[in-house]
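Report on one structure; see the data block that follows.
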Amino acid sequence: MTSPAAGAAARPPDLTVRLGGIVMRNPVMTASGTFGYGPEYAELVDLHQLGAVVVKGISPQPVAGNPPPRTCETPSGLLNAIGLQNPGVEGFLRDYLPFWRACRTPLIVNIWGRTVEEYAAVAARLEAAGGVAGLEVNVSCPNIKEGRALFGADRDMFRRVLAAVRAATRLPMIVKLAPDLSAAADFARLAEECGADALSLINSIPALAIDVETRRPRLGNVTGGLSGPAIRPIAVKLVWDVARAVRLPVVGIGGIAGAADALEFLIAGATAVAVGTANFIDPRVALETVGGIRDYLARHRLANVAELTGSLRA
Amino acid sequence: MYLEDASVVEHRDVPGGYRLLVLCAPRIASAVRPGQFVHLRIPHFQHALLRRPFSVFRADGDRLALLYKAVGEGTRALRDARAGEPVSLIGPLGRGFPAPAPGRFPLLVAGGYGMAALYLLARALPVRGLAFVGGRGAEDILCVEEFEQLGWTVAVATEDGTRGRRGLVTGPLDEWLATRAADCLPEAYACGPHAMLRAVAERARAGNWPAWLSMDRHMGCGVGACLTCVQKITAADGTWEWARVCREGPVFESRQVVWEAEP
């Protein structure tokens, strides 16, 4: 007769995580801006096997975004300045929400606005529409002038945006933080005080690439945000900083291209992770990451993925 | 749309400094329509992240042939792919060329290896017409014999005069447009440099005939998610809107396109 402990170890590991009220079948999500609005990858990826999908940033009104070129490759990185092009909240509800009604995977909508009131309006509208599991509040986009500079770096504006969204909706509120190397933990605590249910980090890192022959910037917007494997160690460190500063669950984002990368974030303190730029190269990377985490847990005889969170031996 | 692990069947130089890459990709090869493209992950290319889009030259059975020139880091790295190597493909992608309206006389207009991207169309069209092909010199002119074997009449122009007429491809095109019978209504299909596409669009507008242009843009995901490859097109209300070249394109009708300086 086997002992209860041995029986437990033989069971498949439990990958379920809870993110401020959102129950996810596994800790792997897609990062906003890298997975469209859902249908784009549906022919290639079984969306039902993802922990959650975070769709591209939605604002109250449609937004045209920045002039091309909008992306360029840098060593192990991707520099982008799309400029939050989106169909507006009504366009999103009309064109994409029906698609999600048939999908059981939690839909998390990244939201932003040009004013405090716009953030609150889009949050309220999405809750009223139904079918949205949570909101990711983007106060950290490097590519619009109202983004990081106005809402993500000024403590007063940061607090006002989060308070307004909190007052506008009871949906779980995930606050997406900028890669602020010196103050990420401060903003994390501020978000916690403002009623955030979870934090996600990092957004892309402000960056510039130049064509030296023409002396022109390689992006139409001049500067952009850097993502991809190049930024991963920076992101892991910031997740480690933030996870120790707050009690909120943290979503680790930054250059994840497989299970080994995702595990770094979990061990550093993340409850869940989001795969971003790597979706563009291998659309199935998020699902492979789920499988790799499951294998790791089995190999290390861990019954639950939560046992990994914050388990860094430092 | 499939994500398919293809394998290299053949990879060799062809005249003019081009490379012919033949892949075994049964699902994509049987599904691809003229004007669609594949998004290819270049093997042994770790420095840069993104896939690279390639128009399809030929598709026969389970074989897919791509014709390319090593012009950038990605295509230079692709040169080294060997027979038997696996290559990850996403495809077929995008909206290709539509069939011509009944009674229309098809014109193909190609610059350089744009000719290769029109081959599937040349084979599929129900009517044979005229193909105009241009390049800097004789070495840029591809596939003339293949098009003639399919029953197309091919007019060649080179800027240095080393093959066919000296000058741009618009030279023989304009001459034909000026001398065609009044009841001959063309419908054009074009693939080539931005300036050539724009020149075709101007003639289509002046003559009030349709022209389908395969637009080339720096591309990211290839499936419509990243919004890198946007092209201004005319909106229903007369203003402009972005279209994704990878999803709503790469083929656009010439009157849809809002022309700007090349990005």
**Study point:** Positions from the range A:33-53 whose accessible area shrinks by 50 Å² or more when the full protein complex is built, not the chain alone, probe 1.4 Å
**Key:** A:40, A:43, A:44
Check your understanding: Could you give the nm distance between label points at residue A:314 and residue B:14, where each point is 7 Å from its Cα heading toward the beta carbon?
Key -> 5.5
Review point. Considering only protein heavy atoms, what is the solvent-accessible area of residue A:22 at a probe of 1.4 Å, reported in Å² to the nearest 10?
Key: 10
Review point. Between residue A:46 and residue A:301, 0.36 nm times their residue separation minus their Cα-Cα distance comes to what?
Key: 89.0 nm
Practice item. Calculate one ³J(HN,Hα) per residue across the range A:47-60 by plugging θ = phi - 60° into the Karplus curve 6.51 cos²θ - 1.76 cosθ + 1.60, and present them in order as whole Hz with x for glycine and proline. Key: 4, 5, 8, 8, x, 6, 10, 9, 8, 4, x, 10, 10, x
Review point. Per residue, how much space in cubic angstrom lies within the convex hull of the C-alpha atoms of the range A:169-288?
Key: 133
Review point. Out of B:186, B:102, B:210, any idea which swings most in a Gaussian network model of chain B, alpha carbons joined below 10 Å?
Key: B:102
Point to revise | Per-q log10 I(q)/I(0), the protein assembly as shown, q = 0.12 Å⁻¹ (Debye; single scatterer per alpha-carbon; no solvent) | key: -1.15
Check your understanding: Near residue A:133, within a Cβ-to-Cβ distance under 14 Å, what is the net charge of the other residues, with Lys and Arg +1 and Asp and Glu -1?
Key -> +2
**Study point:** Rounded to the nearest 10 Å², the accessible area of residue A:95 at probe 1.4 Å
**Key:** 80
Exercise for review: Can you pull a Stokes-Einstein diffusion coefficient for the range A:1-141 at 37 °C (0.692 mPa s), Rh from Kirkwood over Cα pairs, as a whole number of µm²/s?
Suggested key: 195
Revision key, fill the gap. Rounded to the nearest 5, the percent of DSSP beta bridges in the range A:14-118 running antiparallel is 55
Revision key, fill the gap. Mean-square fluctuation maximum in Gaussian network of chain B, Cα pairs under 10 Å, restricted to B:112, B:222, B:74, hits B:74
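Working with all protein chains in place, sort A:244, B:19 by solvent-accessible area computed with a 1.4 Å probe, largest first.
Result, largest first: A:244, B:19.
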Review point. When the Cα centres of the range A:231-291 and the range B:195-244 are compared, how far apart do they sit, in Å?
Key: 37
**Study point:** Taking only Cα atoms of chain B, radius of gyration then Dmax in Å
**Key:** 18.0, 56
**Study point:** Sequence of B:234, A:169 when ordered by accessible area, the most exposed leading, probe 1.4 angstrom
**Key:** B:234, A:169
Review point. Which value, in Å³ per residue, describes the convex hull spanned by the Cα atoms of the range B:76-119?
Key: 133
Check your understanding: Which order do B:259, A:112 take when ranked by solvent-accessible area (1.4 Å probe, heavy atoms of all protein chains), largest first?
Key -> B:259, A:112
Review point. How about the protein assembly as shown: what cysteines have no other cysteine beta carbon under 4.7 Å from their own?
Key: A:72, A:103, A:141, A:194, B:24, B:143, B:184, B:191, B:229, B:246
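Roughly to the nearest percent, how much of the accessible area of the range B:180-263 is carbon and sulfur, given a 1.4 Å probe?
51
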Practice item. Report the residue, chosen from A:44, A:84, A:199, that carries the largest GNM mean-square fluctuation when chain A is represented by alpha-carbon nodes joined by springs under 10 Å. Key: A:44
Revision key, fill the gap. Env charge @ residue B:89, Cβ radius under 13 Å, K,R +1 / D,E -1, value 0
Point to revise | Dimensionless Rg/Rh of the range A:58-156 - Kirkwood Rh, Rg from C-alpha atoms | key: 1.00
Review point. Using the scaling law 2.2 N^0.38 Å as the reference, what is the normalised Cα Rg of the range B:158-263?
Key: 1.21
Revision key, fill the gap. With all protein chains in place and a 1.4 Å probe, residue B:246 shows an accessible area in Å² (nearest 10) of 10
Point to revise | Mean residue ellipticity (222 nm) of the protein assembly as shown, computed from DSSP H runs ≥ 4 via -39,500 (n - 2.57), nearest 500 | key: -7500 deg cm²/dmol
Check your understanding: Pairing the Cα long axis of helix B:194-207 with the longest principal axis of chain B, what angle in degrees results, from 0 to 90 and rounded to the nearest 10?
Key -> 30
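Subtracting the Cα-Cα distance from 0.36 nm times the residue separation, let me have the gained length for residue B:255 to residue B:239 in nm, one decimal. Could you put the intermediate results ahead of the total?
Numbers: separation 16, 0.36 × 16 = 5.76 nm, distance 1.31 nm.
So the extension gain works out to 4.4 nm.
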Check your understanding: Relative to the first principal axis of the alpha-carbon coordinates of chain B, what is the inclination of helix B:170-179, with its axis defined by its Cα atoms, in degrees from 0 to 90 and to the nearest 10?
Key -> 40
Check your understanding: How long is the gain from residue A:260 to residue A:95 if the chain were fully straight, where each residue apart is worth 0.36 nm and the alpha carbon distance is subtracted?
Key -> 55.8 nm
Practice item. Take chain A, compute every pairwise Cα distance, and split them into 10 Å bins from 0; I just need the percent in each bin. Key: 6, 28, 37, 21, 6, 1, 0, 0
**Study point:** Two-decimal ratio, the range A:106-211, of alpha-carbon radius of gyration to 2.2 N^0.38 Å
**Key:** 1.03
**Study point:** Scaled radius of gyration (Cα, divided by 2.2 N^0.38 Å) that the range B:120-172 gives
**Key:** 1.13
Practice item. State log₁₀ I(q)/I(0) for the range B:92-246 at q = 0.09, 0.17 Å⁻¹ as given by the Debye formula over alpha-carbon point scatterers of equal weight, solvent excluded. Key: -0.30, -1.04
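Please give the per residue volume of the convex hull enclosing the alpha carbon atoms of the range B:1-110, rounded to a whole number of Å³.
Output value, Cα hull per residue: 116 Å³.
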**Study point:** Centre separation in Å (Cα based) which lies between the range B:125-170 and the range A:177-195
**Key:** 62
**Study point:** Beta bridges by DSSP in the protein assembly as shown, antiparallel share as percent, to the nearest 5
**Key:** 50
Review point. With the other protein chains left in place, how much accessible area per residue, in square angstrom, belongs to the protein assembly as shown at a 1.4 angstrom probe?
Key: 41
Revision key, fill the gap. Per the 1/(1 + (r/R0)^6) rule, R0 = 56 Å and r from the Cβ atoms of residue A:167 and residue B:44, FRET efficiency to 0.05 is 0.55
Review point. Taking only Cα atoms, what is the 0 to 90° angle, nearest 10, from helix A:155-168's long axis to the longest principal axis of chain A?
Key: 70
Review point. How far apart, in nm, are the 7 Å Cα→Cβ label points at residue B:71 and residue B:7?
Key: 3.2
Practice item. Run down the aspartates and glutamates and flag those whose C-alpha is under 19 Å from the C-alpha of residue A:237, throwing out any fewer than 8 positions away in its chain. Key: A:180, A:186, A:261, A:264
Point to revise | Minimum 30 Å² accessible area buried by the other protein chains, the range B:208-237 residues, probe 1.4 Å, relative to alone | key: B:218, B:221, B:223, B:225, B:226, B:227, B:228, B:230
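The values are calculated or read from the model by the stated rules, or taken from the named source; none is laboratory data. Bear in mind the structure is a predicted one, so any value in this text is a computation, not a measurement. Quick reminder, even Gly has a Cβ in these numbers, built from the backbone with ideal geometry, and neighbours come from all protein chains shown. Surface areas here come from the heavy atoms of the whole protein model, side chains and all, with no ligands, DNA or RNA. Shrake-Rupley method; radii C 1.70, N 1.55, O 1.52, S 1.80 Å.
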